[in-house]
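Below is one structure, written out as structure tokens, with a few remarks after it.
The values are calculated or read from the model by the stated rules, or taken from the named source; none is laboratory data. None of these values were measured; they are calculated from a predicted model. Using ideal geometry, Cβ is built from the backbone for each residue, glycine included, and neighbour counts are taken over all protein chains shown. We work out accessible area using only protein heavy atoms, side chains counted, and drop any ligands, DNA or RNA first. Shrake-Rupley method; radii C 1.70, N 1.55, O 1.52, S 1.80 Å.
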Amino acid sequence: MAVYLWDVQAQNQVGVLGGHSAHVYSIAFSPNGKLLASTVNWDDTVHLWDVEGQEQVGVLKGHDASDEGHTAEVAFSSDGKWLACGGENGVELWELNLPGPTYAFRPKPADKATDVPRDVVLNWTPGFYVPPINGHRVYFSESFNDVNDGIGAIAQDAGSYTPAQRLDFDKTYYWRVDEVNGPPDYTVFEGRIWSFTIEPIAYAIENVTATASSGSRGRSPENTINGSGLNDNDLHSTVETDMWLSGDEPNAWIEYELDKVHKLHQMWVWNSNQVMESVVGLGLKDVTIEYSTNGIDYTTLGTTHEFARAPGAPDYAHNTTVDFGGVAAKYVRLTANSNWGGIVDQYGLSEVRFFYIPVYAREPYPDSGAAGVDVDVVLSWRAGREAAQHNVYLGTDEQAVIDGTSPVTTVTETNYGPLSLDLAQTYYWKVNEVNEAETPTTWASNTWSFTTTDHLVVDDFEAYNDLDPGDPKSNRIFNVWIDGFEDLTNGSIVGYAEAPFAEQTIVHEGGQSMPLRYDNSTAGYSETTANIANLPIGQDWTKSGIKTLSLWFYGDPTNAAAQMYMKLNGSKVVYDGDASNLTRIGWQTWNIDLASFGVDLQNVTTLGIGIDGSGASGTLYIDDIGLYPSAP
């Protein structure tokens, strides 16, 4: 039995986690969605899976099956470090500190990926070893057997490999990575075989409209581009209403308008395939093909083209391919000079399909329409196939970007940034792919958009943990927010005496907030201060249109009314609300005009939160300190 993973939005299966011998009883995802714990009926183990790599990375044996203590439920802690296993014998807690798989995993491109660029660089996550790793052996070939048999090992130190030659269009390649352990045994951990398929030389154009000089009842020109009559194998029927048939006129024409100007590669043709074709023959025979970028000025493609006759039988595969040789076109017109019967002036066609060479920039990051984008985002895209350089147009005026009058930057790589954008602002951008050696020289992409996040996080208190100080990953809250623990003049205490040190119940958003106790009965004030160097925000608080400092606080009815304040670089601004708000249960926001601090906002070094008031004591909870362009 297996666990099946589904993409909920796309409604399709995206993975299978095997390895169970009975029905899955319970599953749970870690908070970051990267690890899955699964249990099995009458199985006393919990199986841990790497969801991205589709690999089992551990087994926790938690119960004694002989005592009928099989695992019934599993759940992760909010930080993903602990796993609770419930059963008839109670709940057991496991600390998740697995070394990870010993073999290479998480391949990029993903296993069985399609439409992969020809200049792909292979990447993977190395296996975990003790003693340290001693390198990788990469096997790469278009032959599955060669990779499977371990032929042609390529020694690699880094966790990536660039194929020696540019890969072939529409071809499938196989690869695996063996991980080699260090001395003394130099054990080789054989990897799985992965595969991917390179992009095709050309792509089908999806958005096409059709018009014609005439048509017969129920046999309109749209039938030639809507897939009517085609089965899943692209084989056409003999149903007459699945096709186009002109009226009774000499030199009838049918024209196709593409969604935009494309560099055309080929046109596939399914000729008229009604049963009478073998006798009467209304299918197009000698055809003049013209193309245009504007629908006004047309160029003839070569000389007259002959379209192959259809058999007039079911399951008809296209039997004419017209090579466009990469001409730029938005309109293609087919004019009939003759049909296969040569008896009447009527002309028929079953289906056409156009293929284009992808010379436009595509697959933008961020996705067009994305919201909450970082102000320092790096824009990226998939290059047009012939691009020698990329002209990036970016601005807040959509029409200026469309017209190419917005600021432009030329780059040679398929990325641009990191940028320094304003908060809560919608930006528009496009990429013109340029190659002066080609005709035309420039291909302009669609115009994309994204909206930046409305604030920058100063501290949301989610990064703090309870690890021992000796652990290099230790990040306890009171080591960043320095309080008055060893200062008799400062009555503040941050965090709790025992883990968890941060507050995990009274929170504004996320999973943690900062408890701040104040006691001015013997101290002159209560204040906690953070060094900005210990926070990810950076010292320049003038960028991105920042104007407001905001924080959320939560009071307590037992608190003594006092005067809350904040400090930047030691300069104080007092709370402008009612002092009794410190006694209110519920989250409240305090917004401060940064200019009121009167300090150099390009060099913010310290941030303090304090409470004044002789004899005052109590506890506040602080969360989600942020910077905004205006009060949120």
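Yes or no, residue by residue, for (1) modelled with pLDDT of 95 or more; (2) under 25 Å from the mean Cα position of the chain (by Cα):
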residue: R137; (1), (2): no, no
residue: V147; (1), (2): yes, no
residue: Y173; (1), (2): yes, yes
residue: I205; (1), (2): yes, yes
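Close Cβ contacts (under 9 Å, 6 or more residues apart or on different chains) running from residues in the range 74-85 that are touching a residue at least 24 places away in the same chain (Cβ under 8 Å) and under 13 Å from T39 (Cα atoms) to residues that are open to solvent by 70 Å² or more (accessible area, probe 1.4 Å) and aliphatic (A, V, I, L, M) comprise V74/I27; L83/L93; C85/V91; C85/L93.
State yes or no: is M243 among the hydrophobic types (A, V, I, L, M, F, W, C) and modelled with pLDDT of 95 or more?
Numbers: among the hydrophobic types (A, V, I, L, M, F, W, C): yes; modelled with pLDDT of 95 or more: yes.
In short, yes.
Applying the set (1) farther than 22 Å from I343 by Cα; (2) open to solvent by 30 Å² or more (accessible area, probe 1.4 Å); (3) assigned to a loop (DSSP other than H, G, I, E, B) to S228 leaves exactly one unmet item: (2).
Total residues in the range 447-460 satisfying the condition of being of a type in the set (A, V, I, L, M) and open to solvent by less than 30 Å² (accessible area, probe 1.4 Å): the figure is 2.
Taking the criterion of being assigned to a loop (DSSP other than H, G, I, E, B) and open to solvent by 60 Å² or more (accessible area, probe 1.4 Å), the residues of the range 237-284 that qualify are V239, D248, P250, N251, V279. For the range 395-434, taking the residues that are of a type in the set (D, E) and free of Cβ contacts under 8 Å to residues at least 40 places away in the same chain, the one that is most open to solvent (accessible area, probe 1.4 Å) is identified as E413.
In the set (1) within 25 Å of F478 (Cβ to Cβ); (2) touching a Gly at 6+ places or on another chain (Cβ under 9 Å); (3) at pLDDT 95 or above, A523 fails one condition alone, (3). When the range 437-446 is filtered for residues that are open to solvent by 50 Å² or more (accessible area, probe 1.4 Å) and either farther than 14 Å from G326 by Cβ or part of a strand (DSSP E or B) (or both), the ones remaining, listed by number, are T442, N446.
Going by what's in this entry, would G150 be described as assigned to a loop (DSSP other than H, G, I, E, B) and either within 26 Å of H262 (Cβ to Cβ) or without any contact (Cβ under 8 Å) to a residue 60 or more places away in the chain (or both)? In short, yes.
Looking only at strands (runs of 3 or more DSSP E) that lie completely in the range 348-391, which have at least 2 residues being open to solvent by 10 Å² or more (accessible area, probe 1.4 Å) and within 30 Å of D422 (Cα to Cα)?
Details: elements: 348-357, 362-365, 370-373, 379-382.
Passing ranges, in order: 362-365, 370-373, 379-382.
If we scan the range 584-594, do we find a residue that is in contact with a helix residue (DSSP H, G or I) (Cβ under 8 Å, 6 or more places away or on another chain), of a type in the set (S, T, N, Q), at pLDDT 95 or above and more than 21 Å from V507 (Cα to Cα)?
So in the range 584-594, the residues in contact with a helix residue (DSSP H, G or I) (Cβ under 8 Å, 6 or more places away or on another chain) come out as 588.
After this cut, where a residue has to be of a type in the set (S, T, N, Q) as well, the list is 588.
Adding the requirement that they be at pLDDT 95 or above leaves 588.
Then keep just the ones that are more than 21 Å from V507 (Cα to Cα); that gives none.
Checked the range 584-594: no residue is in contact with a helix residue (DSSP H, G or I) (Cβ under 8 Å, 6 or more places away or on another chain), of a type in the set (S, T, N, Q), at pLDDT 95 or above and more than 21 Å from V507 (Cα to Cα).
For (1) part of a helix (DSSP H, G or I); (2) small (G, A, S); (3) closer than 16 Å to D623 by Cα, each residue gets a yes or a no:
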{"position": "G484", "(1), (2), (3)": "no, yes, no"}
{"position": "L488", "(1), (2), (3)": "no, no, no"}
{"position": "A497", "(1), (2), (3)": "no, yes, no"}
{"position": "V507", "(1), (2), (3)": "no, no, yes"}
{"position": "G511", "(1), (2), (3)": "no, yes, yes"}
{"position": "R517", "(1), (2), (3)": "no, no, yes"}
{"position": "S526", "(1), (2), (3)": "no, yes, no"}
{"position": "T529", "(1), (2), (3)": "no, no, yes"}
{"position": "Q539", "(1), (2), (3)": "no, no, no"}
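Tallying residues that are under 40 Å from the mean Cα position of the chain (by Cα), open to solvent by less than 30 Å² (accessible area, probe 1.4 Å) and of a type outside the set (A, V, I, L, M) within the range 317-346 yields 3. Count of the range 78-90 residues, restricted to those that are modelled with pLDDT of 70 or more and either in a loop (DSSP other than H, G, I, E, B) or more than 18 Å from A499 (Cβ to Cβ) (or both), is 6.
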